[in-house]
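K.L.:
First the structure, then my questions, so here it is.
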Number of protein chains: 2
Amino acid sequence: MISSFTPPQRILMGPGPSDVPQRILDAMARPTIGHLDPAFAELMEQTKTLLRYAFQTENALTFPVSAPGSAGMEMCFVNLVEPGDTVIVCRNGVFGGRMLENVKRCGGVPVVVDDAWGAAVDPAKVRAAFEANPQARMLAFVHAETSTGAQSDAAALAAIAREFGALTIMDCVTSLGGTPVRVDEWGIDAAYSGSQKCLSCTPGLSPVTFSERAVERVRARRMPVQSWFLDLSLVLGYWQSGGHRTYHHTAPVNPMYALHEALVMLREEGLENAWARHRAMHLRLKAELEALGLSFVVAEQDRLPQLNAVHVPAGVDEAAIRARLLTEFDLEIGAGLGDMAGKIWRIGLMGHSAREENVLHCADALRQCLGGERMAA
Amino acid sequence: MISSFTPPQRILMGPGPSDVPQRILDAMARPTIGHLDPAFAELMEQTKTLLRYAFQTENALTFPVSAPGSAGMEMCFVNLVEPGDTVIVCRNGVFGGRMLENVKRCGGVPVVVDDAWGAAVDPAKVRAAFEANPQARMLAFVHAETSTGAQSDAAALAAIAREFGALTIMDCVTSLGGTPVRVDEWGIDAAYSGSQKCLSCTPGLSPVTFSERAVERVRARRMPVQSWFLDLSLVLGYWQSGGHRTYHHTAPVNPMYALHEALVMLREEGLENAWARHRAMHLRLKAELEALGLSFVVAEQDRLPQLNAVHVPAGVDEAAIRARLLTEFDLEIGAGLGDMAGKIWRIGLMGHSAREENVLHCADALRQCLGGERMAA
């Protein structure tokens with residue numbers, strides 16, 4: 001007979017989810033109400049307002065998709081890309097590759113701008129791609145590559161797209177709340193994020209925002225969106241404020257409580273303070289990791305404070321170390337993905353995980369494991 | 001400044017979500033762990049086992065989609081329907097219409113079998129549709145129409161499909177856990193449900209199950225699935241047991257705790273007992289509603305015990321009554337959808353909501369509101 005599940009108490013320093021504060025867990029456990037209840041409508045309006053603050057945007061169309069970040073990504077692409085559209089896709093890690101996959105499945109014609117994993121996207125290459133493909137209608141890039149820990153210059157990339165009359169889709173899953181994301185100032189037309197990274201909420205929701213230019217592009221579509229669930233024209237009827245709210249799908253009510261609470265907490269701390277905290281904890285961790293002889297994958301100027309990718313030392317069984325960290329220290333850190341599997345560790349300092357006790361615990365645990373490993377070798 | 005959200009304490013007797021037991025809310029608030037944590041993998045395996053019990057199936061491919069029921073529906077269609085496939089779609093309410101929309105967006109060629117809203121699907125019409133369209137590769141129908149409260153004879157419909165060599169997709173969003181759903185006995189190839197109906201979990205997850213025949217159909221696809229997020233071949237790598245679990249998306253960890261607990265509770269009660277409880281509470285409510293002079297939309301033999309659709313009495317402002325029920329009695333009941341908007345109420349007795357105190361509270365509240373309304377008229 002299967003009985004109730006009691007999870008272990010972990011310290012989450014992988015690429016997400018991050019540690020979820022008790023206050024957010026408590027919010028999630030409040031009584032469920034209907035998704036059409038006027039009280040829930042009020043929660044939705046507040047959540048939109050709070051998300052606009054997080055994204056630094058005035059975009060009316062700003063809300064959480066009722067599914068994880070991958071669905072938020074897909075919502076951007078299925079609505080904004082029509083068959084035959086040329087889309088310039090920047091690929092410097094796993095998530096750029098996933099964007100490319102999305103473009104293909106929408107019938108778009110991708111032009112891929114490749115950069116090395118661990119490097120930022122090179123704006124010069126993006127400019128060259130636009131010059132060679134002036135018909136391109138869209139630029140897609142990842143602001144903060146969760147697979148490598150590299151951050152790209154979103155402002156520069158979006159400016160190039162605008163110069164060539166293209167819209168910009170930005171993945172800010174790992175950056176939102178951790179490093180500056182300025183949707184309006186940068187001129188981003190569509191951005192998606194995730195609840196479980198620097199917002200420190202439970203996984204399962206994907207905040208998105210769309211500019212007026214993006215909404216116009218959706219309105220001007222020649223063909224219906226291939227997804228019913230992610231069709232913005234339908235979702236809009238549910239998320240719009242004022243007047244009649246049309247039933248589309250049943251929103252995940254309790255996870256929405258949690259996201260609301262996470263955003264209230266972000267507002268209380270202040271975005272700038274949250275960014276500074278991530279930066280400060282990164283510097284603490286960096287000193288600790290370097291003292292252990294670990295080297296970073298990403299060049300210093302492109303490094304994300306909230307995702308520290310380091311090379312696994314030669315001769316070390318990286319999976320064994322991660323297993324030991326988990327079982328002996330209740331500490332989760334991330335493995336490498338794709339080409340970097342087995343070669344790197346990804347140590348997250350996201351949201352509530354970006355605090356001193358976590359930095360010290362991680363450094364101490366790694367010290368013990370690597371010391372032991374070296375002695376054993 | 002927006003502050004923490006405190007929802008009102010409602011009694012949920014609409015078409016879902018239903019009342020969520022405190023035990024499930026408590027489970028959801030347990031500490032978040034990583035979606036690749038071995039402890040989470042164990043939770044996933046147990047959830048699959050428990051879902052097989054709920055669906056009455058041995059299907060290996062049985063798991064919860066990380067999104068609401070609409071996404072579960074879409075997962076079935078985008079994987080099983082290829083452009084040009086003829087699909088017979090039964091439409092006797094809103095959700096049959098949504099299935100039709102899914103078929104179109106997959107490039108399928110729909111053959112619609114219409115029945116009146118409030119009626120069950122007529123097997124004779126389905127047989128005639130197959131005879132006229134022997135090339136049809138799929139039959140899609142809604143077992144329990146949430147928009148009307150009508151239940152169709154799933155066994156009979158699936159048998160016809162099988163006779164003509166077609167696969168069957170069944171919507172059992174509102175039936176799972178409330179009335180018998182026997183996926184294997186009936187020969188259903190794909191079924192999807194929702195967490196927030198008779199399972200009494202919070203909204204946001206969609207249990208699905210696929211037969212071996214369905215998996216073969218997916219494997220034999222000529223074209224990639226149009227959705228990356230819902231592509232079974234990718235999701236499979238994440239949900240498969242044993243060996244290497246591939247990262248696909250970040251599962252909604254805490255909602256998964258809640259679903260697991262809801263399924264443990266269903267197992268404790270026993271499916272047959274849960275079905276009997278829904279039936280008994282329906283009979284109690286039926287007597288109360290009829291004593292108030294309210295008449296049912298659906299003929300007795302096709303009536304769903306867990307969703308009681310009744311005609312709004314002539315001259316009654318139905319929205320005003322619902323608003324009063326909510327504000328004065330903290331009671332949510334459902335409005336009509338689509339063609340039935342303004343004409344019916346939908347009173348849910350789903351999961352934890354199917355208990356005597358709810359029946360009595362609802363009857364009492366309606367008595368007061370309708371009495372007052374009549375006096376005012």
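K.L.:
Could you list, in their original order, any pairs among A:LYS125/A:LYS343; B:LYS125/B:LYS197; A:LYS286/A:LYS343 whose Cα atoms are separated by more than 20 Å?
P.N.:
Among A:LYS125/A:LYS343; B:LYS125/B:LYS197; A:LYS286/A:LYS343, the Cα-Cα distance tops 20 Å for A:LYS125/A:LYS343; B:LYS125/B:LYS197.
K.L.:
Normalised by the residues of chain A, what does the relative contact order come to in percent, with Cα pairs under 8 Å and at least six apart?
P.N.:
Across chain A, relative contact order equals 24 percent.
K.L.:
What's the total accessible area buried between chains B and A, using a 1.4 Å probe, rounded to the nearest 100 Å²?
P.N.:
The buried area between B and A, both sides summed, comes to about 5900 Å².
K.L.:
On to the next question. How much accessible area per residue does segment A:20-114 have, in Å², with a 1.4 Å probe?
P.N.:
I get 24 Å² per residue for segment A:20-114.
K.L.:
Restricting things to alpha carbons, tell me how big chain A is in terms of Rg and Dmax, in Å.
P.N.:
20.9, 69
K.L.:
Further question: Calculated from DSSP H runs of 4 or more alone, at -39500 (n - 2.57) each and per residue, what is the 222 nm mean residue ellipticity of chain B, nearest 500?
P.N.:
Here the helix-only value at 222 nm equals -13500 deg cm²/dmol.
K.L.:
Turning to a different aspect of this structure: Express the Stokes-Einstein translational diffusion coefficient of segment B:159-269 in µm² s⁻¹, to the nearest whole number, given a Kirkwood radius over alpha-carbon pairs, 4 °C and a viscosity of 1.567 mPa s.
P.N.:
82 µm²/s
K.L.:
Right, here's the next one. Partner chain Cβ atoms within 10 Å, averaged over the residues of A:196-204 - can you pull that number for me?
P.N.:
5
K.L.:
Here is a further query. For chain B, what are the DSSP H helices with axial Cα length of 27 Å or more and mean Kyte-Doolittle hydropathy of at least -0.5?
P.N.:
Flagged H segments are B:356-376.
K.L.:
Another question about this same structure. If only Cα atoms are counted, what is the Rg of the protein assembly as shown, and what is its Dmax, in Å?
P.N.:
When restricted to Cα atoms, the protein assembly as shown yields Rg and Dmax of 25.9, 88 Å.
K.L.:
A follow-up question, please. What are the label-to-label distances in nm, one decimal and shortest first, from A:ASN273 to the same spot in the other copies, with labels 7 Å along Cα to Cβ?
P.N.:
Ordered by increasing distance: 5.1 nm.
K.L.:
Another one. If amide hydrogens are placed 1.01 Å from N in the peptide plane, which non-local residues have theirs closer than 5 Å to the one on A:THR32?
P.N.:
B:VAL20
K.L.:
Looking at segment B:173-240, which chymotrypsin sites (Phe, Trp or Tyr not before Pro) are in a loop (DSSP not H, G, I, E or B) and have at most 10 other Cβ atoms within 10 Å?
P.N.:
Answer in residue order: no site qualifies.
K.L.:
How large is the accessible surface per residue of segment A:137-285, computed with a 1.4 Å probe and reported in Å² as a whole number?
P.N.:
Heavy-atom SASA per residue in segment A:137-285 reads 29 Å².
K.L.:
Amide H of A:MET138 versus every other amide H placed in the peptide plane: which residues, excluding those fewer than 5 positions away on the same chain, fall under 5 Å?
P.N.:
A:ILE88, A:LEU167
K.L.:
Residue by residue through B:72-80, how many Cβ atoms from other chains fall within 10 Å of the Cβ on average?
P.N.:
Per residue, the average neighbour count from other chains is 2.
K.L.:
Next question, about the same structure. Per residue of B:59-68, count partner chain C-beta atoms within 10 Å of its C-beta, then hand back the mean as an integer.
P.N.:
Mean inter-chain Cβ contacts per residue within 10 Å come to 3.
K.L.:
How do A:LYS125, A:LYS343 stack up against each other in accessible area, from largest to smallest, with a 1.4 angstrom probe?
P.N.:
A:LYS343, A:LYS125
K.L.:
With a cut-off of 8 Å between alpha carbons and a minimum separation of six or more residues, what is the relative contact order of segment B:185-282 in percent?
P.N.:
Here the relative contact order equals 23 percent.
K.L.:
Another question, if that's okay. Hey, for B:GLU212 with labels 7 Å out along Cα-Cβ, what do the inter-copy distances come to in nm, ordered shortest first?
P.N.:
Sorted ascending, the copy-to-copy spacings read 6.0 nm.
K.L.:
Search the structure for amide H atoms under 5 Å from the amide H of A:ALA335, placed 1.01 Å from N in the peptide plane, and list their residues when 5 or more places away or on another chain.
P.N.:
A:ARG346
The values are calculated or read from the model by the stated rules, or taken from the named source; none is laboratory data. These figures come from a predicted structure and were not determined experimentally. Cβ sites come from the backbone with ideal geometry, for glycine too, and all protein chains shown count toward neighbours. Just so you know, the surface numbers come from the protein's heavy atoms only, side chains and all, with ligands and any DNA or RNA stripped out. Shrake-Rupley method; radii C 1.70, N 1.55, O 1.52, S 1.80 Å.
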